[in-house]
Amino acid sequence: MSLLQFMVSIVLFTVLGFGIGFILNMILKTTWLPVVIAVGVVVGALVYQKIVPGVWDAIILGCGMAGTVGSGWTIATLRKKGYRMF
């Protein structure tokens, strides 16, 4: 994997995790359920496929998790400030 692919993957997975988490938070009206679902999907896929991620893969997956946690934090902040639709 080249450095350019690695950098694009980090941005892509972070934005993807944030976007999917934010949409799930709005639909399901729960704050941290998307984080639990994302962790379950990643761990389940790694265990089911018997994949041992390398260092680069772990960093990319960690950025995806950071995006998902960021979406939960954003929704919690918006709810605290009084936005009812969230």
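Read-outs throughout are calculated quantities, based only on the coordinates presented, and are distinct from any laboratory measurement. This structure is a prediction, so every number in the text was calculated from the model and none was measured. Counting neighbours? That spans all protein chains shown, and the Cβs are built from the backbone with ideal geometry, glycine included.
Which residues in region 25-46 have a backbone N closer than 20 Å to a point placed 7 Å from the Cα of Lys80 along the Cα-to-Cβ line? Output list for this probe position: 25-26, 29-36. When each of the peptides 47-59, 66-78 is scored by how many other beta carbons lie within 10 Å of its residues on average, the order from highest to lowest is 66-78, 47-59.
Cross-link partners for Lys29 among the lysines, with Cα-Cα distance under 23 Å and sequence neighbours closer than 8 places in the same chain left out: Lys80, Lys81. Using Rg/Rh (Cα atoms, Kirkwood Rh) as the read-out, say which of [x] 1.05; [y] 0.94; [z] 1.03 was calculated from these coordinates. Derived directly from the coordinates: [x].
From Cα pairs below 8 angstrom and at least 6 apart in sequence, can you work out the relative contact order of the chain, rounded to a whole percent?
Details: 83 pairs, mean separation 41.5, N = 86.
Relative contact order comes out at 48 percent.
Rounded to the nearest 500, what is the 222 nm mean residue ellipticity of the chain from helices alone, with -39500 (n - 2.57) per DSSP H run of 4+ residues and division by all residues? Each step should come with its number before you reach the end.
On the way: 3 runs with 68 residues, N = 86.
Calculated at 222 nm, the ellipticity per residue is -27500 deg cm²/dmol.
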